[in-house]
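Undergrad: Just passing along the structure, written as structure tokens.
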Amino acid sequence: MSPNISPPSGSAFVTAGLPPDVFYDEGSGLSPSLGIEAVYEYNGLTINDREGALDYYHLSSIDGLNSVELRDSRDNKPDEDGEDEWDDQTLRTGRTIVMTGQIRCGRVHKLRDMWRALEAAFVPRTQPLTIYGVAGAPDVQINCRRTLRIEGADSQADYKAPWPFRRDFQITLKAARPDYLGLTQRSVTFTPTNVAQLARFYPRIYTSGGFELYDKYMDAQGHVTVGATAFNANNQGTAQADLVVEMGGQLAGLQIINQTNGQKLTFKREIPAGQIYTYDPVEGNLTDTTDVNRFGVLDTRNTTAKFSLDPGVNQFTVSVTAYSGTPYVKLYWHDTY
């Protein structure tokens, strides 16, 4: 899918009235094209593809892509000015997207076909809205569904070429999750190469209860094992990216820690040889090769509720007490914005 607007090169796009050596910065090209320059696809229907057929769905405005409502918990104070806050965090709500545009075509029968196709595509069922950006910008998608009827009166004031038949439309969509996911699923694979043991690292670290914290994986000589057990995963987006973890081979005492945000995944029983376990923390599932639930092998006391990537490069450490065969740990994610 090719985008419909290619911005001019910065070096060639001289600002009017200024010296010829002054020009606009081209930008990084790393941000998604969340606007009217993009091409949109939903349930097989393409909107705003100006490089396609002469008959097309023109997008004149779109709202709700770049900002999202926030929520927190608070009540008015009963006897004084101000409010009581009931938690210390502000969360994002779902995202409401409003697409306003126009069907543009040359024949009345085509107009009727295009309106029917619009209604057939935007059925009230959650599906991905795919956003194809300007060349170089990442393509992303967001799951959403139509929540209101498609607005559009059957009227027009004139019949001018090149589109003598035109009908305005407005579509309201709701996304339960406000994040955009990159279309490409990324992955990184790690193969354990040494065995480590859980030990105490000096200077001693104490918890609030006064207990010594045995939280460093060390070799027999007391060196913290980082080099041979570390690998990186890069979330090129701007929001936390959910992970799916695949583990294969015989692995005992497995623990995976994201050292960047402190989130971790810990097993209290071994993954047997010949099995592949898949962990999806968002769905709360841990299944084996035959799709049998194996959640009981998790050490839930030492596993965080979330297991994700922060924006940018995340460093992971993997530790096992024993392994055999060709074990591996593989992370899957989508860049998230």
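Undergrad: Residues of segment 130-155 being of a type outside the set (Val, Ile, Thr) and either in a strand (DSSP E or B) or touching a His at 6+ places or on another chain (Cβ under 6 Å) (or both), which ones?
TA: Within segment 130-155, the first condition is being of a type outside the set (Val, Ile, Thr), and the residues that meet it are 132-133, 135-139, 141, 143-146, 148-149, 151-155.
Answer for segment 130-155, where residues must be of a type outside the set (Val, Ile, Thr) and either in a strand (DSSP E or B) or touching a His at 6+ places or on another chain (Cβ under 6 Å) (or both): 132, 141, 143, 144, 145, 146, 151.
Undergrad: Out of all the residues in segment 319-330, which are within 12 Å of residue 233 (Cβ to Cβ) and crowded, with 22+ Cβ neighbours inside 10 Å?
TA: As a first pass, look at segment 319-330 and keep what is within 12 Å of residue 233 (Cβ to Cβ): 329-330.
Result: 329, single match.
Undergrad: Identify, from the list 43, 76, 48, the residue that is more than 24 Å from residue 166 (Cβ to Cβ) and in the same structural domain as residue 131 (by TED's automatic domain parsing). Steps first, please.
TA: Details: 43 fails: more than 24 Å from residue 166 (Cβ to Cβ); 48 fails: more than 24 Å from residue 166 (Cβ to Cβ).
Exactly one of 43, 76, 48 is more than 24 Å from residue 166 (Cβ to Cβ) and in the same structural domain as residue 131 (by TED's automatic domain parsing), namely 76.
Undergrad: Which of the residues belonging to segment 25-53 are surrounded by 14 or more Cβ atoms within 10 Å (Cβ to Cβ) and free of Cβ contacts under 8 Å to residues at least 40 places away in the same chain?
TA: Matches in segment 25-53: 35, 36, 52.
Undergrad: Name the one entry in 117, 175 that is surrounded by fewer than 17 Cβ atoms within 10 Å (Cβ to Cβ), modelled with pLDDT of 95 or more and closer than 17 Å to residue 43 by Cβ. Give the derivation first.
TA: Values: 175 fails: surrounded by fewer than 17 Cβ atoms within 10 Å (Cβ to Cβ).
Answer to the selection: 117.
Undergrad: Return the only residue of 232, 258 being surrounded by fewer than 19 Cβ atoms within 10 Å (Cβ to Cβ) and within 20 Å of the chain's Cα centre (by Cα).
TA: 232
The values are calculated or read from the model by the stated rules, or taken from the named source; none is laboratory data. These numbers come from a predicted model, not from an experiment. Cβ coordinates were reconstructed from backbone atoms using ideal geometry, including for glycine residues, and neighbour counts include every protein chain displayed.
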